[in-house]
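Novice: After the structure tokens below, expect a handful of questions from me.
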Amino acid sequence: MLSKHKILTAAVCMAFASGCATDPKTGQFSIKETFASDDPCSNNSRNIGVFAGAVVGTIIGNQMKNSDASRLIGASIGAALGGLIGADVDRQRCELSKIAKKHQTKIDSSPIEIKTDADINNSQSSQTVGISVDVGEPDGGHFAKGSDQLTPKAKEYFTEVTATFNAQKASETITDPKAKAEYLKQSANRKLFLVGHTDDTGSTQLNVDLSERRAKAVAKFLTSQGIKESQIYYQGAGEMYPIANNNQEAGRAANRRVQLVQVQDEAAFHNYLTQRISKLSYFRPNTTDTTVAEAASIDIEKVSNKKSGTGKKNTDPTTITSVSKPTKSAKPEPLATEKTTPSKGLIDFGGVPYGDEGAKIDPGKVAEKSGFSLISKAHADQPLVIGSCKNDRPRSSGEIKSLSGDAATKYSTNEKLPGLFGRTWRDMVGAHLVVINNLSVLREGTVATNLPEIKVYANYDPKDTQAKPAITETPQVNVYQGDKGYLVRTFLNGKGGIKCIDMLSPPSPPFAAKEGRIIYTHNSTDYMAKFTPRMAD
């Protein structure tokens, strides 16, 4: 009986039409040159696909019939099918590198890989399921300033970029009729995702709107070049998915880009969307601060203190308006601040004076998620967080839409994150009950599907069934995912003195926040109080 290793090696070598890559210095088989070459015109993705397909095929063949022949047949078929997608990605990367050089435009491409648990050695292997391409802005940009109209130069290189995604054209180079038919069959299930990205200067909503119009413009341009409309989706992601540090002009320039993502089928598209991560350390810290004016004649304890009996309920509370103190305008344009909300009083949560280090909530690192490999190894071990919610601002991205039929058709599976699917979270902070209601976050890009409701019951008495909240607010929400959990940030902008709330939700039961902070103002000073709510039963 042949060993599994020999069967696998035989199948892989049979599938490699050009043989295994060798080290040019030694002439011996090279793992790096075969699977991790720096050359964009190498056959790395094909080789990875062949190997992964062979592994899965060997196991399936073994399960169907435990014999050398069935294992070899299964491995050979799997290797051939796995190599088709990988070979196509290799072709695209090679062609895109030539287009970038020709037009002196920055085009970065990388294969999208999925890890397979099945391995004859009980270890993981990877299979290529698509490609991600970032087309950076050249001098003058892709579009006329402030518009969604492609420049004449952009039409030239996007025409050539589009051709690399045209399966019908690519199939013309395949001489084997069976291989050509299989290639066209597989390509019919592909999804092509157009994403517009901006830097984080200016208004986050304006960034979303402009990037969506631009992504849609490129998506429509692709259809004019022969790509089927039914396969195309688009999104204005705005500033949400930076690939470089927005604190430097070079980083901001790199973030202004058009991204084309092609995956092999619906399942791969869904998995890709669930694995995207917002890298918080690439955002610029908020350069403005909102200071809530202290009321000279009112204190929340006197507004609603039934337990102590030291004060009477104020029937004519003074309205306090938050005061925004923006920093001086400087290049780059400072982050836009949201409108402040009037407050009826300031709540003292019994915290300690605010400090950036003490207020930080660490969601962990930008580690690769289970299944897909979307993050470069260079970034995988970097910390995610830049500071507390006070250093951040509400950020948003547009919805994922289908270009086919009604252009406003949304793409979503409505699958929510664990613990963040419309449930209630609550915690006593000092003498006050803080409740977060109806917080739902999609797995696809960790996007909140609605604004949650936050209620604060001042000097809460659990025996008082008629207790009314001193604060009821529907704040803006940011959600960031690290390897320690989901960092949920809500922005109250001064309501009751509360600036914002951080909560680190665990990725699995028991659903109790690992860490949390309420950042608030009292007596003209910023404070922070511990906030570790649990999900209500």
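Novice: Please compute the Cα-Cα pair-distance distribution of the range 389-537 with 5 Å bins starting at 0, giving whole percents from short to long.
Specialist: All Cα pairs, binned at 5 Å, distribute as 2, 9, 17, 22, 19, 13, 8, 5, 3, 1, 1, 0 percent.
Novice: What list of ³J(HN,Hα) values in whole Hz, one per residue of the range 428-436 in order, does the Karplus curve 6.51 cos²θ - 1.76 cosθ + 1.60 (θ = phi - 60°) give from phi, with Gly and Pro shown as x?
Specialist: 7, 10, x, 8, 10, 8, 10, 10, 10
Novice: Between residue 250 and residue 468, what length comes free when the chain is fully extended (0.36 nm per residue of separation minus the Cα-Cα distance, one decimal in nm)?
Specialist: On the way: separation 218, 0.36 × 218 = 78.48 nm, distance 5.14 nm.
Difference between extended and current length: 73.3 nm.
Novice: Amide H neighbours of residue 492 under 5 Å, at least 5 residues apart or on other chains, H built in the peptide plane: list them.
Specialist: The list, which skips near neighbours in sequence, is 500, 501.
Novice: Give the span of the range 156-293's Cα atoms along each principal axis, as three whole-Å numbers ordered largest to smallest.
Specialist: Result, largest extent first: 75, 32, 24 Å.
Novice: A further question follows. Per the Kirkwood treatment, what hydrodynamic radius in Å, one decimal, follows for the range 133-237 from the mean inverse distance over all distinct Cα pairs?
Specialist: 15.1 Å
Novice: Once amide H atoms are built 1.01 Å from N in the peptide plane, which residues 5 or more positions from residue 526, or in another chain, come under 5 Å H to H?
Specialist: Excluding prolines and chain starts, which carry no amide H, the hits are 354.
Novice: Just to check I understand the Karplus step: with θ = phi - 60° and J = 6.51 cos²θ - 1.76 cosθ + 1.60, what whole-Hz values come out for the range 251-265, glycine and proline as x?
Specialist: Running phi through 6.51 cos²θ - 1.76 cosθ + 1.60 with θ = phi - 60° gives x, 4, 5, 5, 6, 7, 7, 10, 10, 10, 10, 10, 10, 6, 6 Hz.
Novice: Something else: Along the Cα→Cβ direction, 7 angstrom out, place labels at residue 514 and residue 428. What is the inter-label distance in nm?
Specialist: 2.6 nm
Novice: Continuing with this model, one more query. Hey, can you grab everything whose amide H is under 5 Å from the amide H of residue 399? Only 5+ residues off in sequence or another chain; H modelled, so Pro and N-termini drop out.
Specialist: Amide H neighbours of residue 399, under 5 Å, 5+ apart: 236.
Novice: If you count only protein heavy atoms and use a 1.4 Å probe, how large is the accessible surface of residue 530, to the nearest 10 Å²?
Specialist: 150 Å²
Novice: With the other protein chains left in place, how much accessible area per residue, in square angstrom, belongs to the range 429-537 at a 1.4 angstrom probe?
Specialist: 37 Å²
Novice: OK, next. Give the peptides 139-150, 181-192 in descending order of average Cβ contacts within 10 Å, highest first.
Specialist: 181-192, 139-150
The values are calculated or read from the model by the stated rules, or taken from the named source; none is laboratory data. Note that the structure is a prediction, hence the values are computed from the model and not measured. Every residue, glycine as well, gets a Cβ built from its backbone with ideal geometry; the counts of neighbours run over all protein chains shown. With ligands, DNA and RNA removed, areas are computed over all heavy atoms of the protein, side chains included. Shrake-Rupley method; radii C 1.70, N 1.55, O 1.52, S 1.80 Å.
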